[in-house]
Amino acid sequence: MADDIPHMRAALALAGRGLGSTWPNPSVGCVIVRDGVVVGRGTTAPFGRPHAEPQALAMAGDLARGATAYVTLEPCCFHGRTPPCTEALIAAGIARVVVATCDPDPRVNGAGLRRLREAGIAVEQGVLRHEAEAVAEGLFHRVRQGRPLVTLKLASTLDGRIATAGGESQWITGAPARRLAHALRGRHDAVMVGIGTASADDPDLTCRIPGFKPVPMVRVVADSHLRLRLLSRLVVTARDTPTWVLTRADADARRAAALEDLGVALLRVPAGGAGVDLAAGLAALAGRGITRLLVEGGAQLAAALLRDDLVDRIAWFHAPAVIGADGFPAAQAFGVAALDAMPRFVRERVTPVGEDVLTELRRRREGEG
Ligand code: AOF
Ligand code: ZN
């Protein structure tokens, strides 16, 4: 119908607001329209429940009868942590449901749409599917690939340097870029760094923009030998803001116990390369429900993820400056011997940010030019 696209766009905007705050669930948006008037709106709540639909239905009240519901993801049809949304839509007397994309969760996966049709509701699917898949990308990764969507964020000079030889790195990019990078954290479930960065910068890795991320940021450190200092910010704040450490199964038991006593969660995975097996590490994060992971370096971790072909998206801030080969590279060597072995990405967006430029890229799909 003529208004399907604008209403679905509104539902997608609602869904976009919840990114980073609904894991292990996707962020879903729902708009209920009766006679051309929006009578209900909902977004998946922080921590993933309630779902979007019951909130929109509650707002619509009796006006839901005979109305159309626009939902960015196929409504769920099983009793999980919340009752099925299909039943709520049916009980409210919704006449038509427009869905952007299917829920790949094996407990749904088309069964939600079938249930609605069986109940006599007109169902349409695929409206703004592409946009909805982008919003639900973290869920698709977690369910289909058993790992989160991985975005690598880097900030460097034009020649890809992130620090001087002496280690000076604050600040290469300007304040607007740093603010935007902070907002990027807010749209992710977890932020990960390598132990080199955790030791050098003693970062907080939080998102302190008020109201932007209502659920705590999960901070992840790849630290195969448990070198993370017990007095680091990540450890001393672990009881309020989760800190998870990806480490090897044979990590020192005393260090492990000391970190665990301070509230740090250890995820033990096999060794891999110079550190941990990152594919197994990402699978462990997905197993705990993480759908969207932002990796903020350093150079060793960036190289290892690129080498293992585990980077789905890149957000790269470039400052209009050059350090030269004295400087520290954004990615360490990872064995690219020929150009056709080099990971290539596709540019999605280029945005000037103050004096800097943000380039957003995604992994090149199989067979893509
Ligand atoms: C919806 N609307 O807003 C969201 C959905 O364990 P539960 O009860 O939270 O249900 C998890 C399922 O709900 C899983 O299939 C997930 O993809 C989906 N998320 N579904 O109808 C929503 N967030
Ligand atoms: Zn639901």
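The values are calculated or read from the model by the stated rules, or taken from the named source; none is laboratory data. None of these values were measured; they are calculated from a predicted model. Cβ placement follows ideal geometry from the backbone for every residue including glycine, while neighbour counts extend to all protein chains displayed.
Can you list the helices (runs of 4 or more DSSP H) found entirely within the stretch 31-140 that contain at least 3 residues being within 14 Å of ligand 2 (Cβ to nearest atom) and not assigned by TED's automatic domain parsing to the domain that holds LEU285? Outline the logic, then answer.
Values: elements: 52-60, 85-91, 111-118, 129-135, 137-140.
Qualifying helices (runs of 4 or more DSSP H): 52-60, 85-91, 111-118.
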>> Only one of PHE334, PHE345 is aromatic (Phe, Trp, Tyr), surrounded by 15 or more Cβ atoms within 10 Å (Cβ to Cβ) and either out of contact with any helix residue (DSSP H, G or I) (no Cβ under 8 Å at 6 or more places or on another chain) or in contact (Cβ under 8 Å) with a residue 60 or more places away in the chain (or both). Can you tell me which?
In response: PHE345
>> When you scan the stretch 58-73, do you find a residue that is within 13 Å of ligand 1 (Cβ to nearest atom), in contact with a Cys (Cβ under 7 Å, 6 or more places away or on another chain) and not hydroxyl-bearing (Ser, Thr, Tyr), even just one?
In response: yes
> Do we find a residue being under 28 Å from the mean Cα position of the chain (by Cα), within 16 Å of ligand 2 (Cβ to nearest atom) and among the hydrophobic types (A, V, I, L, M, F, W, C) anywhere in the stretch 15-24?
Replying inline: yes
>> If PHE78 satisfies all but one of (1) at pLDDT 95 or above; (2) within 11 Å of ligand 1 (Cβ to nearest atom), what's the number of the condition it fails?
In response: (1)
> When only residues in the stretch 43-56 that are within 21 Å of ARG107 (Cβ to Cβ) and buried (at least 24 other Cβ atoms within 10 Å of the Cβ) count, which is farthest from the chain's Cα centre (by Cα)?
Replying inline: GLU53
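Give LEU282, LEU262 a once-over and let me know the one that is assigned by TED's automatic domain parsing to the domain that holds THR197, over 20 Å from ASP189 (Cβ atoms) and in contact (Cβ under 8 Å) with a residue 24 or more places away in the chain. Step through it out loud before you land on a result.
Working: LEU282 fails: over 20 Å from ASP189 (Cβ atoms).
Of the residues listed, the single one that is assigned by TED's automatic domain parsing to the domain that holds THR197, over 20 Å from ASP189 (Cβ atoms) and in contact (Cβ under 8 Å) with a residue 24 or more places away in the chain is LEU262.
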>> Just to verify a result, which residue in the stretch 65-112, among those that are acidic (Asp, Glu) and crowded, with 23+ Cβ neighbours inside 10 Å, is farthest from the chain's Cα centre (by Cα)?
In response: GLU74
